[in-house]
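Read-outs: derived from the displayed coordinates by stated rules, not from any lab. Since the structure is predicted, the reported quantities are computational estimates derived from the model, not experimental observations. Every residue, glycine as well, gets a Cβ built from its backbone with ideal geometry; the counts of neighbours run over all protein chains shown.
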Amino acid sequence: MQVTIGEDPPSRLDKALARDVPEEAQLSRTRIAKLIGEGAVLRNGTPLVSPKAAVAEGDVIEITVGEAVEVDLVAEPIAIDVVHEDDHLIVVNKPAGMVVHPAPGAWSGTLVNALMHHCGESLSGIGGEKRPGIVHRIDKETSGLLVVAKTDKAHAGLAAQFAAHTVEREYIAICYGVPDAADPRLAGQSIVRFEAGGVLKVTAPIGRHRADRQKMDVVPGGRHAVTRARIDETFGAPPTLARVTCWLETGRTHQIRVHMSKIGHGLLGDPTYGGTRKLSAKALSETARSAAGAFQRQALHAATLGFIHPESGAHMRFEGPLPTDMRELLYALRLTSN
């Protein structure tokens, strides 16, 4: 295709093309940068090899875009819970235990493998490859809602919203203890503050754990991260566990799990950050303690997801019901009398 650079263009080639390429081409800035690196973007027959190359109004840029190629991913007939689907994106309610994207040690049985089968020929080329456009992820043992792009345009639009922290994401979690403003131990932590309505706010940078590279931690120089939480329900007398709603201002790896653990309220069942705690027989019934002890994953569910549809501009908001294991756990925890 040929693209003529319009008036008052951005100084960089990739930004100018992202602005002036026809919408129907569905080329994101990331895809354009990749094409530049491949030598597929020319001016007057000469390849432009840097995304930072200068452009001027009236420049005619020639772009060669190949057909989307098949990637080495296997489509698998795995049932998925589709909450919404259209030509541009799909929202799914992922079960606990399912990895989102193939990786060493989990090349099959993932959400991507399932989406390759489910979407079939309706799946467009994301970044030049025929695969689902994973915009965000949730951990293997976390259940709940994800949105996946089908087209380059949808992928770019959703990615921009995640980058701007405008996507609504709420999680339901069960944590040890009660993160209450009346707790002097919390009041003494510099990363903690309480906002109106008793909303807990944790602001602490997250990066790789210095000793264990498979874990994340609050570290100096890590990526800015903000988590808020509200107590919805407490269990035990005195309160020993709490159901909280957490929502993300940022979206870092393991963010809720790391932040809640750092302030002393790790998630029940979390083998990495939750720790092992003995629950008091005086506070909780045997039924409640047994259910809590048997829960083998972090008690975390991505319950709400809201965003602007990248094609129609409509506001979309979805709620995913709690999975059976968390519903049964909550039922048992409410049986607090012996």
Worksheet entry | Cα gyration tensor category, rounded, prolate or oblate, for the stretch 69-163 with a/c compared to 1.5 | rounded
Item to complete: In a Gaussian network model over the chain where Cα atoms closer than 10 Å are linked, find which of Gly66, Gly274, Gly97 has the largest mean-square fluctuation.
Response: Gly66
Item to complete: Please say if the chain is rounded, prolate or oblate, where rounded means a/c under 1.5 for a ≥ b ≥ c the square roots of the C-alpha gyration tensor eigenvalues, and otherwise the choice is prolate for a/b larger than b/c and oblate otherwise?
Response: prolate
Worksheet item: Number of Lys-Lys pairs in the stretch 169-333 under 23 Å by Cα, sequence gap 8 or more or different chains?
Response: 4
Practice prompt. With label points built 7 Å along Cα→Cβ from the Cα atoms of His209 and Ala79, find their separation and express it in nm.
Written response: 3.6
Worksheet item: Using the count of nearby Cβ atoms within 10 Å as a rough guide to exposure, how do Lys278, Lys153 rank from fewest to most?
Response: Lys278, Lys153
Worksheet item: For the stretch 58-213, with only Lys/Arg (+1) and Asp/Glu (-1) charged at the beta-carbon, what is the dipole magnitude about the Cα centre, in debye rounded to 20?
Response: 820
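Quick check on the chain: of the DSSP beta bridges with both residues there, what percent are antiparallel, nearest 5%?
Looking only at bridges with both residues in the chain, the antiparallel portion is about 95 percent.
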Worksheet item: Is the shape of the stretch 2-63 rounded, prolate or oblate, going by the alpha carbon gyration tensor and its root eigenvalues a ≥ b ≥ c, with a/c under 1.5 for rounded and a/b larger than b/c for prolate?
Response: rounded
Worksheet entry | Reachable lysines from Lys15, criterion Cα separation under 21 angstrom, eight or more residues apart if same chain | Lys34, Lys52, Lys153
Item to complete: Let me have the 222 nm mean residue ellipticity of the chain computed from DSSP H runs of 4+ only, each contributing -39500 (n - 2.57), with the sum over all residues rounded to the nearest 500.
Response: -5500 deg cm²/dmol
Item to complete: Among His155, His117, His265, determine the one that fluctuates most according to a GNM of the chain built with springs between C-alpha atoms less than 10 Å apart.
Response: His117
Discussion item. Test of understanding: ordering Ile5, Ile256, Ile308, Ile90 by Cβ neighbours within 10 Å, fewest first, what list do you get?
Written reply: Ile308, Ile5, Ile90, Ile256
Discussion item. Using a 10 Å cut-off around each Cβ, can you sort Arg208, Arg31 from fewest to most neighbouring Cβ atoms?
Written reply: Arg208, Arg31
